[in-house]
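Note sheet for the following structure.
The values are calculated or read from the model by the stated rules, or taken from the named source; none is laboratory data. Predicted model, so just to flag it, every value in this text is computed and none were measured. Here the Cβ is made from the backbone with ideal geometry for all residues, glycine too, and neighbour counts use every protein chain on show. In case anyone asks, the SASA skips ligands and DNA or RNA and just uses the protein heavy atoms, side chains included. Shrake-Rupley method; radii C 1.70, N 1.55, O 1.52, S 1.80 Å.
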Amino acid sequence: MNKPIDLENVAKDQELIKKFLHETTLFLGPDPEIIRDHKIMPRTEYEEKCVNEYTDLNQIASIRDRLQAACEEGFEMVEQMGAAPGAKWGDIITGIYSASGDLTIGSAGGVLIFSVLVHHPIKFIIKNWIDEKTVGVKEGDGFIHNDSRYGNVHNTDQSMILPVFHEGKLVCWVASTVHEGENGAIEPGGMPSMAETPFDEGLKMSPFKVVENYEIKRDLLTFLQNSVREPKLQYEDMKVKLFACMRLEKRIKEVLEIEGPDALTACLRYTNDSVMDEVRRRISEWPDMTVRTHVIMDSTLRENALLKVNLAVTKKGDRLIFDFSGSSPEITNRAINTQLPGLKGMVAQSFMNHVWPDLPRGQAGFSPIEVITPNSSIVDCSYAAPNSQSLMSIFTGFTVAQHATAKFLYSIPEKYTRVLAPWYNMINTFIWGGVNQHGETLGNLCADLNGMGGGARMDRDGEHALAPIFATMADIGEQEMNEEEVPFLQLVSKKMTINTQAPGKFRGGMGYTMIVATKDSDQWGFMTSCVGSKAPPIQGLFGGYACGSFPLSKVTDVDVYDVLLNEPEKFKHSIPEIMNEQPFEGADYSTHHMGLGFDLSKRGELFMISRGSGGGYGDPLERDPHLVIQDIEESLITPDWAKKLYHVIFNEETLKIDKEATKAERDTMRTQRKAQGLPYDEFVKKYVKPHPPENIPFYGSWNGDNDVVYAGSLDDKRDAKNPGPIYMTHPKDVRISELEAELTAVRDEAGISPKDTRK
Amino acid sequence: MKVLMTEYLRIDLDSEKWECRVCDHEIGSARGNYKEGLLVYNRDPADIHPSIIDPDKYRFTFCPDKEWVNIYEFYCPSCGTQMEVEYTFPGHEPLFDMQVDVDALKEQWSHREELTEPTTGPNVLVDRGHHHH
Ligand SMILES: [Zn+2]
């Protein structure tokens, strides 16, 4: 007979094996145990003791208010002193983390997505560096991090992380994060579309100690400065983040002085637990159902292709599950993939922005929500895949989350926000870089990215160019101030792009035109990084439409500064006038998708884009005719399109509405719909295909079969669980092949053989 | 009791049917896909999104490319209200977008008062004299 198993010895052995493996690990790579988990850590014994001891909610609230004020103070410091454009317009956050590393209190403004990201590097530090004799975690230490594989959106975002001690004991952490921009990638500005491997994406900092005794280590700093295009900015912002963290530490120490560490710990734990309880309660109020949606990504930023971002959200009891199965597999040599934390961060952001903005900005608000993603997909890529343009997949990920939640929220009696159509989700702005008029090397982007058009709401239109989906309270900056630093002008800016609204009973908030031209530098260029030039990347809601598509237009072989000087009447202030009238003789006018790789510009050449419109809400035939007229008066829509979309009858000269005629016209339209619409089955028979389009590369599942994903052609179907690598051909090679084929055909026809036929 | 599910759809918990909120038309079983009871139209994107630059001169015009996206419009067969619009991949099946657990919905609303208009949530007021909690 076998001896009974000695459980104590087994445990001891396992402990030894774990210790051995830990000590002999040759590479502390990204840790899935940390990276794949967004939940608040379980209560520690100490936290348990503190929570039981400190039950006075007034005391807890008073501590929390002081900590919240400290976070706002830190935020303000970074915003005022930060050198990166991102800091100036609020692409930052400061926060206080529990001893276990969970963000408990974050600044109310700024980029809220960071609030569900920075716990990953902190947990990495806790797990690996505290007991590591060559590193250690002491009072006055500071750690830096930016590598998305260790928990981040992308590696333009740098965090400074400080432990806070009380009488030698670690009580919590503080951190400050800024979208810095430059990071030494193959293109300036920190978000290279051209990256084909993670090694093209510039500086990748796993969490490491860069501050000792509250001072930045000069040797490491010099190395980091040499790794980026903006060495001064790198130093300035490391200092600013450090000082913001030190201020937070000071405020926490003031609390510790009065209340003691147990009360502080009780406050942090109670806050997280009560937010999680409240989230579960709120979820329980939602109807039990599954909502399905998807959006189209029409580009990899290098070439146009159809990529699916797919979502099914299931609510059951107090569980809420976001399932992204069926989304496109990862593209092995394109930068649009995301690491899982970035996607989760954007889903969390959709709740903090538009569902429960009243809850504290922290990790607890998202902790109870579950996320399912297919491995090696654009929404959860492998560590080997580039992800510097993860914004493409996480912004569309945000949109499907926003679109699906709206369908849950409508029926709920207790709401915390208006139900709204999807926000515009792409950063239609110019990323720029080169040598400026002062001889300095720069790489960053126009803060206009923060002016995304708002989605229409259940009782009113969307706001124009209001806020980005990743920060409700970010600014678009002062262009005139920027122009002191950069050698280009925005010749047209903040002018709404006419006839680009997403129609509905309430229309989406619109975007504005940006026309830029380089002036004072021979070494300056632009890039743009958005999908949505062929198909909109959003949806409308409840009968409202999405926006249209937004391309890039260019005018080359012209110096508009000469035109403005000599023939100013020729310059026009809108994209349609310039492109349709072609007022500059000899110039070349062209259109492109919005994945413009870094493009050196000559003085006076025009780069022209429009920011996008948020989605529309409700049936356009129900739009109040007065709102239609108001949009005409505000040059948002032309009278012909106002009639075509909204079927309002009015006098074109006086804009007086004919109410009777409008009603009759709209009734006619409803009748017309009934005549043109097909019963569902007939429609499916006529239009639905068993496979994706044949002539366009398609990536993702088809017709709801999420076990199989297409990988670019009809005969390339893969197992969604293990799709394997997918390499796309360089667009220039594609073009060369096309031209070679043409050349061969021409030669054959003309009977000319190539000069050199040797292989 | 009836539950307002969207701007134009409600579920009658007693008959277990989807209904049109505009004309009271009975659309279909609340346990099924309401879209199956609606009329569907494949809308040309050019009808909704103007080419603000000349499509004869340029490849990209601000109008979505109909080879790359389809717009499905769903109408109430009785009153012609446009209840839903879906932007989708050309030839893709319409999504079963709201698959409701009707039994759970009944349970949930057995503890609630019926609403004839949806609640909207707190208002954001420009007037700074007001303070909201
Ligand atoms: Zn109806």
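With a ≥ b ≥ c the root eigenvalues of the C-alpha gyration tensor of the stretch A:405-537, is it rounded (a/c under 1.5), prolate (a/b larger than b/c) or oblate? Prolate, since a/c reaches 1.5 and a/b exceeds b/c.
For residue A:623, what is the net charge nearby, where nearby means another residue's Cβ is under 9 Å from its Cβ and Lys, Arg count +1, Asp, Glu -1? With Lys, Arg at +1 and Asp, Glu at -1, the net is -1. Shape index of chain A: Rg/Rh, with Rg the Cα radius of gyration and Rh the Kirkwood radius from the inverse mean 1/r over Cα pairs, equals 0.99. Label point of residue A:588 set 7 angstrom out along Cα-Cβ; within the stretch A:559-577, no amide nitrogen lies under 13 Å from it. Heavy-atom accessible area for residue A:245, with the other protein chains in place and a 1.4 Å probe, reaches approximately 0 Å².
Taking the Cα centre of chain A as origin and assigning +1 to Lys and Arg Cβ atoms and -1 to Asp and Glu Cβ atoms, the resulting dipole is close to 1800 debye.
Among the lysines of the stretch B:11-133, pairs at least eight places apart or on separate chains and with Cα atoms under 28 Å apart come to 5. Counted residue by residue at 0.36 nm each, then reduced by the alpha carbon distance between them, the extension gain from residue A:484 to residue A:316 reaches 55.0 nm. For the stretch A:589-596, 3J(HN,Hα) computed residue by residue from phi via the Karplus equation (6.51, -1.76, 1.60; θ = phi - 60°) reads 10, 8, 10, 8, 6, 8, x, 6 Hz, glycine and proline entered as x. So for chain B, taking the charge dipole from beta-carbon charges (+1 Lys/Arg, -1 Asp/Glu), which of B:123, B:90, B:105 sits furthest toward the positive end? The listed residue farthest towards the positive side: B:123. Ignoring solvent entirely, what values of log10 I(q)/I(0) come out of the Debye formula for the stretch A:617-721 at 0.17, 0.18 Å⁻¹ when each Cα is a single scatterer? Evaluating at q = 0.17, 0.18 Å⁻¹ gives log10 I(q)/I(0) of -0.80, -0.83. A simple charge model with +1 on the Cβ of Lys and Arg, -1 on the Cβ of Asp and Glu and nothing else charged puts the dipole of the stretch A:104-250 at about 440 debye relative to its Cα centre. Accessible surface for chain A, divided over its residues, is 38 Å² per residue with a 1.4 Å probe.
Shape of the stretch A:9-282 from its Cα gyration tensor (a ≥ b ≥ c, root eigenvalues): rounded if a/c is under 1.5, otherwise prolate when a/b > b/c, or oblate? Numbers along the way, then the final one.
Working: a/c = 1.69, a/b = 1.22, b/c = 1.39.
Since a/c reaches 1.5 but b/c is at least a/b, the shape of the stretch A:9-282 is classed as oblate.
The heavy atoms of residue A:172 present about 0 square angstrom of accessible area, all protein chains included, probe 1.4 Å. For the chain pair A and B, the buried solvent-accessible surface (1.4 Å probe, both sides summed) amounts to about 7300 Å².
Buried on complex formation within the stretch B:3-19 (loss of at least 50 square angstrom of accessible surface versus the isolated chain, 1.4 Å probe, ligands and nucleic acids ignored): B:5, B:7, B:8.
Cross-link check: pairs A:127/A:239; A:308/A:689; A:204/A:344 evaluated at a Cα-Cα cut-off of 18 Å; pairs beyond the cut-off: A:127/A:239; A:204/A:344.
Could you state the angle between the C-alpha long axis of helix A:659-676 and the longest principal axis of the C-alpha atoms of chain A, as a value from 0 to 90 degrees rounded to the nearest 10? Roughly 80 degrees between the two axes. Averaged over the residues of A:22-33, the number of partner chain Cβ atoms lying within 10 Å of the residue Cβ comes to 0. Considering only A:78, A:275, A:122, the residue lying farthest towards the positive end of the dipole of the stretch A:9-282 is A:122, judged by Cα position with unit charges set on Cβ.
Dipole size in debye (nearest 20) for the stretch A:355-464 around its Cα centre, Lys and Arg Cβ +1, Asp and Glu Cβ -1?
Details: 6 positive and 9 negative charges, 45 e Å.
The dipole of the stretch A:355-464 has a size of about 220 debye.
Give the angle, between 0 and 90 degrees and rounded to the nearest 10, that separates the Cα long axis of helix A:7-23 from the longest principal axis of the Cα atoms of chain A. Helix A:7-23 and the main axis of chain A meet at about 60 degrees. Among A:560, A:197, A:746, which residue has its Cα positioned farthest towards the positive end of the charge dipole of the protein assembly as shown, with +1 placed on the Cβ of Lys and Arg, -1 on the Cβ of Asp and Glu, and the dipole taken about the Cα centre? After comparing all options, I get A:197.
Taking Cβ atoms as reference points and 9 Å as the exclusive limit, the residues near residue A:436 contribute a net charge of -3, counting Lys and Arg as +1 and Asp and Glu as -1.
Taken one residue at a time, the phi angles of the stretch A:412-418 give Karplus couplings (6.51, -1.76, 1.60, θ = phi - 60°) of 6, x, 9, 10, 10, 8, 5 Hz. Gly and Pro are set to x. Estimated purely from DSSP H runs of n ≥ 4, each contributing -39500 (n - 2.57), the mean residue ellipticity at 222 nm for chain A is -10500 deg cm²/dmol once divided by its residues.
Given the pairs A:88/A:494; A:315/A:407; A:138/A:250; A:18/A:133; A:534/A:717, which are separated by over 21 angstrom at their Cα positions? It would help to have the intermediate numbers written out before the result.
On the way: A:88/A:494 19 Å; A:315/A:407 12 Å; A:138/A:250 16 Å; A:18/A:133 18 Å; A:534/A:717 24 Å.
Checking Cα-Cα distances, A:534/A:717 exceed 21 Å.
Please say if the stretch B:2-109 is rounded, prolate or oblate, where rounded means a/c under 1.5 for a ≥ b ≥ c the square roots of the C-alpha gyration tensor eigenvalues, and otherwise the choice is prolate for a/b larger than b/c and oblate otherwise?
It comes out prolate by the Cα gyration axes.
Stretched out fully, how many nm does the piece from residue A:634 to residue A:656 gain, at 0.36 nm a residue minus the Cα gap?
Working: separation 22, 0.36 × 22 = 7.92 nm, distance 1.54 nm.
Contour length minus the Cα-Cα distance gives 6.4 nm.
For a label point 7 angstrom out from the Cα of residue B:16 toward its Cβ, which stretches of the stretch B:71-103 have the backbone nitrogen within less than 15 Å? It comes to B:100-103, nothing else. Cross-link partners of residue A:755 among aspartates and glutamates, defined as those whose alpha carbon lies under 15 angstrom from its own and excluding same-chain residues fewer than eight positions apart: A:740. With all projection directions averaged, the alpha carbon convex hull of the stretch A:157-206 covers 4.2 nm².
Which is the longest part of chain B that has none of the GluC sites (Glu not before Pro) sitting in a DSSP loop with at most 14 other Cβ atoms within 10 Å? Between the exposed loop sites, the longest stretch runs B:1-66. Between residue A:135 and residue A:744, the modelled labels are 5.5 nm apart [label points 7 Å from Cα along Cα→Cβ].
Given the stretch A:64-216, what whole percent of its Cα pairs are spread farther than 21 Å? Value for the stretch A:64-216: 44 percent of Cα pairs lie more than 21 Å apart.
Excluding residue B:103 itself, what net charge comes from residues whose Cβ is under 13 Å from its Cβ, given Lys and Arg +1 and Asp and Glu -1?
Numbers: positive: A:316, B:31, B:106; negative: A:288, B:16, B:101, B:107.
That sum, taken over residues with Cβ under 13 Å, equals -1.
Between the amide H of residue B:121 and those of A:415, distances stay under 5 Å, these residues lying 5 or more places away or on another chain, with hydrogens modeled in the peptide plane. Backbone geometry of the stretch A:747-759 corresponds, through the Karplus equation with coefficients 6.51, -1.76 and 1.60 at θ = phi - 60°, to 3J(HN,Hα) couplings of 4, 4, 5, 8, x, 9, 9, x, 5, 10, 9, 5, 8 Hz, x marking Gly and Pro. Surface composition of the protein assembly as shown: carbon and sulfur make up 51 percent of the accessible area, probe 1.4 Å. Bridging of residue A:49 to lysines at a Cα separation below 17 Å is possible for A:169, once same-chain residues fewer than 8 apart are set aside.
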